[in-house]
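The values are calculated or read from the model by the stated rules, or taken from the named source; none is laboratory data. From a predicted model like this one, the values you see are computed outputs, not experimental measurements. Here Cβ is always computed from backbone atoms with ideal geometry, including for glycine, and neighbour counts include all displayed protein chains. Keep in mind that these areas ignore ligands, DNA and RNA; they rest on the heavy atoms of the full protein, side chains included. Shrake-Rupley method; radii C 1.70, N 1.55, O 1.52, S 1.80 Å.
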Amino acid sequence: MPVDVKSAVASAFLEMAARKDVDKITVKDLVEACGISRQTFYYHFRDIVDVLEWTARQGVERLLAQSLKAPSPREALKLFVNFAAESQPMVRRLLNSQRREAMERIMVETARSYLEGSAREWGIEPPLNQADWQVTLDFYACGMAGLLLGSDRRTPQDRERLANQLARLLSGEMLHPGQN
C-alpha cells in the first residue's frame, strides 16, 4: 500500500510539536520518524515552514469541505471558530517559536483561503470589483486571524456568539441592520 509521504511528515511534525520545543524539530527528526530519506523529504517539502504551510492548507480544505455540509454560512462559521479554538494549543506553541512570523502569515492566508473558498462555494458574490474584493478578503482575513488568536479562552457560548457576530459582520448585517 503506497504511503502518503506528505501526510506522514505533517503528522510526525504535529506529534513532535505537541511534546517538544518547535524550534528543536529538525528535518533529521522528521525523516527518522517517518522512515524516509532526506532526499524524499526534500522532494516533497522545501523546509519545515513548507510542512507547516502544507498542513495548514490541508486543514483548510478539510474544514471547507465540512463547512459546505453546514446548513448555512452562519453554521459554517461556527465550525471555523470551533476549529480555531481547538487548534489553539498548537498555534500557541508555533507562535512562541522562532517561526512566529511564518505562522502569523500562514494564519492570515488560511483565514483568507477559507473566506474566499466559502464565498465561492456558497455562491456569495459581493457587489465589488476584483481589486476591492481582494482588499476586502485581506482585511477580513487579518481581522479573523487576530480575533481567533484569543478563541482558546472563549467558552463554547462565547464561540457561538463570535461566530454569529462574524456572520453578521461579513454579511453586512452588523453595519446595516435590517437591510439584509
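Here Rg and Dmax of the Cα atoms in Å was calculated from the structure, and among [x] 18.0, 60; [y] 16.2, 56; [z] 16.2, 50 it sits at label [x].
Length gained on full extension, Ala8 to Gln58: 16.7 nm, using 0.36 nm per residue less the C-alpha separation. Cα gyration tensor of the range 93-180, axes a ≥ b ≥ c as square roots of the eigenvalues: rounded (a/c below 1.5), prolate (a/b > b/c) or oblate? Judged from the Cα gyration tensor, the range 93-180 comes out oblate (a/c at least 1.5, b/c at or above a/b). Among the helices of the chain, those built from whole DSSP H runs whose Cα atoms reach 24 Å or more along their own axis and whose mean Kyte-Doolittle hydropathy is at least 0.5 are 130-149. Residues Lys28, Lys20, Lys78, Lys69, ordered by accessible area of protein heavy atoms at a 1.4 angstrom probe radius and largest first, appear as Lys69, Lys28, Lys20, Lys78. Of the accessible area of the chain, computed with a 1.4 Å probe over protein heavy atoms only, carbon and sulfur atoms account for 53 percent. Please give the per residue accessible area of the chain, computed with a probe of 1.4 Å over protein heavy atoms only, in Å². In whole numbers, the chain has 59 Å² accessible per residue.
The charge dipole of the range 66-180, taken about its Cα centre with unit charges on the Cβ of Lys, Arg, Asp and Glu (plus for the first two, minus for the last two), comes to roughly 440 debye.
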